[in-house]
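Q: Dumping the structure here so I can ask a few things about it.
The values are calculated or read from the model by the stated rules, or taken from the named source; none is laboratory data. Just so we're clear, the structure is a prediction, and the values are computed from it rather than from any experiment. Counting neighbours? That spans all protein chains shown, and the Cβs are built from the backbone with ideal geometry, glycine included. Only protein heavy atoms, including side chains, enter the accessible area calculation; ligands, DNA and RNA are left aside. Shrake-Rupley method; radii C 1.70, N 1.55, O 1.52, S 1.80 Å.
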Amino acid sequence: MTVKDGWISFDLGRFRPHEVAFATYSGSPHDQLPVLPHGHPGGLHGWMRELVPLGELAAGEYGMDTVTDGAPVSGHEAALPAEFVAFMADPVLRDSVPTCTSCYWAADLRVAPSPVRDGALLVRFLNDQQGCLYWYLHLLPDGNHEVLCGGEAYDLQQVPREVAVEDLVRVADGFDRFIARFWIENLAWYEVAGQKRSDAELSAPVWEYVRQYSGADRPVTG
């Protein structure tokens, strides 16, 4: 059985407003998302490292929350993806990821059988603060992985397959692509929705991301 594809996230103010008022999260088709800078000389890790200083600028009234309490990844019972291990082992990246919804890393990386793919495993690695959503590494039998998002805690309870198919969404075909988009969208929320900056005031990486929604040129300031 297969799950649906999409991106689950919060609104981005004028660039991507929610269709449902007061909703924390909503979905977007992948083909409607801005393109990530895959051609960056340092790859996505190098690009994200350049985002770290922006945390000092993109903050709310009480500062900017970052995803905290990462779990150790060495010696884990499951064969975790190399890109996930590399990211979590890098404190500069791991401890700088912004979160406007107060998400936090899973403390123990629990493993559960996948209810949607025989022989696959789910490893919960990220949680919404209020338990609205959970993000999972979906470890596939062929050694590949993808990132799924859903509202059920599959490592805590058995969920019928038909329920899981309706619940889970494939949000990325790899951890790096997931966390890079999660990072830039959180920065964008702080700048666009939280601080309500004008287009000209947005940081360069945020502008390059959100401008793809409008196709607008950067305003020229004197």
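Q: Hey, what do the phi angles of region 37-51 turn into as Karplus ³J(HN,Hα) couplings, whole Hz, using 6.51/-1.76/1.60 and θ = phi - 60°, x for Gly and Pro?
A: Whole-Hz 3J(HN,Hα) from phi for region 37-51: x, 5, x, 4, x, x, x, 5, 5, x, 5, 5, 4, 6, 7.
Q: To the nearest 20 Debye, how big is the dipole of the chain about its Cα centre, given +1 on the beta carbon of each Lys and Arg and -1 on that of each Asp and Glu?
A: 260
Q: Rounded to two decimals, what is Rg over Rh for region 109-183 when you use alpha-carbon atoms and the Kirkwood radius?
A: Dividing the radius of gyration by the Kirkwood radius yields 0.93.
Q: Here is a follow-up. Which value, in Å² rounded to 10, gives the accessible area of Glu162 with a 1.4 Å probe and all protein chains present?
A: Result for Glu162: roughly 120 Å² accessible.
Q: Sticking with this structure for a sec: May I ask which residue of Leu12, Trp207, Pro91 lies farthest towards the positive end of the charge dipole of the chain, with charges of +1 (Lys, Arg) and -1 (Asp, Glu) on Cβ and the Cα centre as origin?
A: Trp207
Q: Output wanted: per-residue J couplings in Hz (rounded whole) for region 123-139, from phi through Karplus 6.51 cos²θ - 1.76 cosθ + 1.60, θ = phi - 60°, x for Gly and Pro.
A: Karplus values, whole Hz, x for Gly and Pro: 10, 6, 10, 8, 10, 6, 4, 9, x, 5, 9, 9, 10, 10, 6, 9, 8.
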